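Reviewing the structure listed below.
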Amino acid sequence: MMFRYLLIVSFTSIVSSESSSVVINTWNFSNATRKAWEVLLKGGSSIDALTTGCTVCEVNQCDFTVGFGGSPDENGETTLDAMIFDGTKINMGAVGALRRIKNAIGVARDVLEYSEHSILVGELATQFAKELGYKEESLTTKHSKDMYDGWKGSSCQPNFWKDVIPDPKHNCGPYERLSINDINYNRWSPMGIENHDTIGMVVMDESGNIAAGTSSNGAKFKIPGRVGDAPLPGAGAYADSEIGGAAATGDGDIMMRFLPSFLAVEEMKRGSSPSQAAEEAISRILKKFPTFFGAVIALNKKGEHGAACNGMDVFPYCIADINNKNVILKYVKCHKEK
Ligand SMILES: *[C@@H]1O[C@H](CO)[C@@H](O)[C@H](O)[C@H]1NC(C)=O
Ligand SMILES: *[C@@H]1O[C@H](CO)[C@@H](O)[C@H](O)[C@H]1NC(C)=O
């Protein structure tokens, strides 16, 4: 079986790989796809398209999982994570736990273009953004305040603490460490479809430059200071213009440990189709965390794309390419939760 598969792979890899413009992104965030596609049609680069597409989600607050006014942390504050990964130069810019600045993907792009660094975080990322002219403003809205008040009113459920007292499954903090003898490492995850958390986008422009990136307001009711997978290279997104790109969404705290986007790109390098590559990235996580929630999207140099997922029935992702006049919303069936 493996032998036959390898033969097929070596055959398809000699087929000419004419590059053509494509945008794919996680979830049903089709406004983002459309705007990114429009940038490509006007001759914009993959990085321009990605910045514009993710900015749309930051402004539209895509299901309140991207941008301001969503996913308050335990202090009621919204903080943002974003990344742009340039698959041609293998360069990146990202921000983690960015405070009081709305356009996180814009700041990530500025980290890419105006600094030698890769990731800036927290209050100091805010300073960087302000220096470059971004407006400082509260990211709290009535929606996020109501969510936060509801959470406080229900004994701070759900939350991300474990092995502390008082029992975090029934109580608000402050917490203290549980004594070493009482620790149980079972993790109860508050992540799920209601707490999906990222736009991940992969774009190839007409010159064949592939960029991948993310923007997210992270996990709802996260412990302040938490940085998710979105700004981490190889985790939230990864690209190599000679191969393809990938992006991930879901329970970032688990997914980041497996570098699923990097793995998907590596699998495509070894000859896998984008679907097979995404599948392998998901399978790798499943072996350790059979009920984790998440998805990976992948795009190769030939403009083929695919996705795989776990912990939900189906996972939607959006596509725009030369074959389609409109943005296509596609659904992939997920692994069945065990
Ligand atoms: C995406 O789909 C969900 C569920 O069908 C819906 O509630 C949500 O409004 C949609 N979001 C966008 C941005 O279209
Ligand atoms: C998508 O864009 C249209 C037109 O700008 C807007 O009316 C609509 O509310 C947007 N959809 C979402 C889910 O943000």
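The values are calculated or read from the model by the stated rules, or taken from the named source; none is laboratory data. Since this is a predicted model, take the numbers as computed values, not measurements. A quick note on method: Cβ atoms are made from the backbone with ideal geometry, for glycine too, and the neighbour counts reach across all protein chains shown. Protein only, heavy atoms only, side chains kept; ligands, DNA and RNA dropped before computing areas. Shrake-Rupley method; radii C 1.70, N 1.55, O 1.52, S 1.80 Å.
For T79, state whether it is hydroxyl-bearing (S, T, Y), surrounded by 24 or more Cβ atoms within 10 Å (Cβ to Cβ), in contact with an Asp or Glu (Cβ under 9 Å, 6 or more places away or on another chain) and at pLDDT below 95.
Values: hydroxyl-bearing (S, T, Y): yes; surrounded by 24 or more Cβ atoms within 10 Å (Cβ to Cβ): yes; in contact with an Asp or Glu (Cβ under 9 Å, 6 or more places away or on another chain): yes; at pLDDT below 95: no.
Here the answer is no, as T79 does not meet what is asked.
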Tabulated pairs, segment 10-30, first away from ligand 2 (no atom under 16 Å from the Cβ) and open to solvent by 10 Å² or more (accessible area, probe 1.4 Å), second among the basic types (K, R) and at pLDDT 95 or above, C-beta under 6 angstrom, 6+ apart or interchain:
S17/K301; S17/K302
Can you find a residue that is open to solvent by 50 Å² or more (accessible area, probe 1.4 Å), under 22 Å from D253 (Cα atoms) and of a type in the set (V, I, T) anywhere in segment 137-145?
no
Among the residues of segment 63-72, is there at least one that is more than 23 Å from S241 (Cβ to Cβ) and more than 16 Å from ligand 1 (Cβ to nearest atom)?
yes
Selection status of G69, out of contact with any His (no Cβ under 9 Å at 6 or more places or on another chain) and on the phi > 0 side of the Ramachandran plot
no
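For (1) touching a helix residue (DSSP H, G or I) at 6+ places or on another chain (Cβ under 9 Å); (2) in contact (Cβ under 8 Å) with a residue 60 or more places away in the chain, each residue gets a yes or a no:
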site: A235; (1), (2): yes, no
site: Y238; (1), (2): yes, yes
site: S241; (1), (2): yes, yes
site: A264; (1), (2): yes, no
site: P274; (1), (2): yes, no
site: A277; (1), (2): yes, no
site: S283; (1), (2): no, no
site: K287; (1), (2): no, no
For segment 36-62, enumerate the residues that are within 13 Å of ligand 1 (Cβ to nearest atom) and open to solvent by 20 Å² or more (accessible area, probe 1.4 Å).
V56, V59, N60, Q61
